[in-house]
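The values are calculated or read from the model by the stated rules, or taken from the named source; none is laboratory data. Not measured: the values here are computed from a predicted model. Glycine also receives a Cβ, built like all others from the backbone with ideal geometry; neighbour counts cover every protein chain displayed. Protein only, heavy atoms only, side chains kept; ligands, DNA and RNA dropped before computing areas. Shrake-Rupley method; radii C 1.70, N 1.55, O 1.52, S 1.80 Å.
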Amino acid sequence: QVQLVESGGGLVQAGDSLRLSCVASGRVFSSYTMGWFRQAPGKEREFVASISWTGGRTYYADSVKGRFTISRDNAKNTVYLRMNSLKPEDTAVYYCAAAPGSPSDRKSDYRYWGQGTQVTVSS
């Protein structure tokens, strides 16, 4: 069992930066792929980024590539999402998730989910 708790969301202006954190409980965190997804009002939850259990492989949605960076610290059971040059269209609830396999952009591959943290970007 893995429990995930996100933090770091907030209200910012376009062009600002935020860093989201997701702390995992459970001693198997280091063996899981971690991912970030987001869901805007009235839209499907969509993939943002994922990172392999070693941190050596990362993947991004085209919409955030070059602006967002995913990283992890297995000693702290924490995965991060650094978000730069934020845009109003980045406004969403951001969720972290854990998957037992290889990095994936499919929601169905992720077994554990956090409660989400709200990010609002004003223009």
ask   = Looking at the range 58-77, which of its residues are modelled with pLDDT of 95 or more and either of a type in the set (Lys, Arg) or touching a Ser or Thr at 6+ places or on another chain (Cβ under 6 Å) (or both)?
value = 59, 65, 67, 70, 72
message = For the range 84-119, give me the residue count where each residue is open to solvent by 40 Å² or more (accessible area, probe 1.4 Å), small (Gly, Ala, Ser) and at pLDDT 95 or above.
response = 2
request  = Could you look through the range 45-83, keep only residues that are under 18 Å from residue 17 (Cα atoms) and of a type in the set (Val, Ile, Thr), and pick out the one that is surrounded by the most Cβ atoms within 10 Å (Cβ to Cβ)?
outcome  = 79
